[in-house]
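The values are calculated or read from the model by the stated rules, or taken from the named source; none is laboratory data. In this text the structure is predicted, and so the values were computed from the model without any measurement. Here the Cβ is made from the backbone with ideal geometry for all residues, glycine too, and neighbour counts use every protein chain on show. Only protein heavy atoms, including side chains, enter the accessible area calculation; ligands, DNA and RNA are left aside. Shrake-Rupley method; radii C 1.70, N 1.55, O 1.52, S 1.80 Å.
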Amino acid sequence: VCGLLTQVYLAASREATVTVYPSEILGPVNPLLFGNNQLAYQDSGPDYSHYGAGIWDPLRRQPVPEYVALSKLAGITVQRWPGGCTAHNYNWKNTVGPLDQRPNMPFGLPEFLTFCEATEAIPLITLSVFWGDETDAADIVEYLNSPNDGSNPNGGVEWAAVRAADGHPEPYGVIWFEYGNEDWHGEHASPSNPNPRTITAAEYAQRYLRYQAAMKAVDPAIRLGAVLQNGLWDWNREVLQGCGAQMDFA
């Protein structure tokens, strides 16, 4: 404890000077750096699944105007959903389709995208690592980006028709996706999940490649990000060795 207090004291006693030259232009800042994380818990009550943590009015079926104005005022250019560790097991298929078939999820994927359109923000979709497989990832690309012309590129459910019935006949044209979130630590333990699953970096890299191939088979324009983390050099090294050459972004 004494050593720690000494370190804190020394850190506090050091002085630093920051000089700002407001008239000196170094170069443009990429506006897409200014993004926001939208949490999206499933089966946790109405705060997230009905109201989108406050951004959605489920009675009027529209974004809350104050949050639209605030998002624009803040300069938010990217909205990421579902954000954080809520993405570990997030089943996006429970968030689309007729409202009477998802009574516990009136705020879902189409509602999030409506908020993005209202705020002129680019959507960034996080895909689950511990729910579903690459077929489900291809299905979400079909839902978002395929024309509603009966082509049904991934077979099974005609997801473009589901999107059209959800009120968006034209494709959304979503480009940016992430495969997972902080997956090096695996699922979180809870009373209902006493034995959480984990995934190795090598397994993650192999699955990333399968997901990427399946998604781009539906829409070659999409870009899929992979999870790296400052300080976790063993994880980073294995992921980069396994899929770094094909990785769209990290």
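If you bin the C-alpha pair distances of segment 185-250 every 10 Å from 0, what whole percents do you get?
20, 42, 27, 10, 0
With a 1.4 Å probe and every protein chain left in place, work out the accessible area per residue of the chain in Å², rounded to a whole number.
55
Please arrange Phe130, Phe177 by accessible surface area, largest first, computed with a 1.4 Å probe and ligands excluded.
The residues order as Phe130, Phe177, largest area first.
So, by mean Cβ neighbours within 10 angstrom, what's the order for 164-172, 201-209, 20-28, 189-197 with the highest one leading?
Descending mean neighbour count gives 201-209, 164-172, 189-197, 20-28.
Expressed as a rounded percentage, what relative contact order does the chain have, with Cα pairs under 8 Å and six or more residues apart?
15
Would any residue of segment 206-228 have its amide N under 19 Å from a label point 7 Å out along Cα→Cβ of Asn30? List them or say none.
Counting only backbone N, you get 221-228.
Counting Lys +1, Arg +1, Asp -1, Glu -1, what net charge surrounds Gly186 among other residues with beta carbon under 12 Å of its beta carbon?
-3
Can you give the angle from 0 to 90° between the axis of helix 233-243 and the longest principal axis of the chain, with both taken from C-alpha atoms, to the nearest 10?
That helix lies at roughly 40 degrees to the long axis.
Share of the chain's accessible area from carbon and sulfur, percent, 1.4 Å?
56
Need the full-extension length gain, Ala221 to Glu15, defined as separation in residues times 0.36 nm minus the C-alpha distance. One decimal, nm.
69.2 nm
With N residues in segment 34-135, what two-decimal value do you get for its Cα radius of gyration over 2.2 N^0.38 Å?
1.02
How large is log10 of I(q)/I(0) for the chain at q = 0.11, 0.12, 0.14 Å⁻¹ when the intensity is taken from the Debye formula with one equal scatterer per alpha-carbon?
With one equal scatterer per Cα and no solvent, log10 I(q)/I(0) is -0.69, -0.80, -1.02.
Percentage of Cα-Cα pair distances in segment 81-207 greater than 18 Å, rounded to whole percent?
Counting every Cα pair in segment 81-207, those more than 18 Å apart make up 57 percent.
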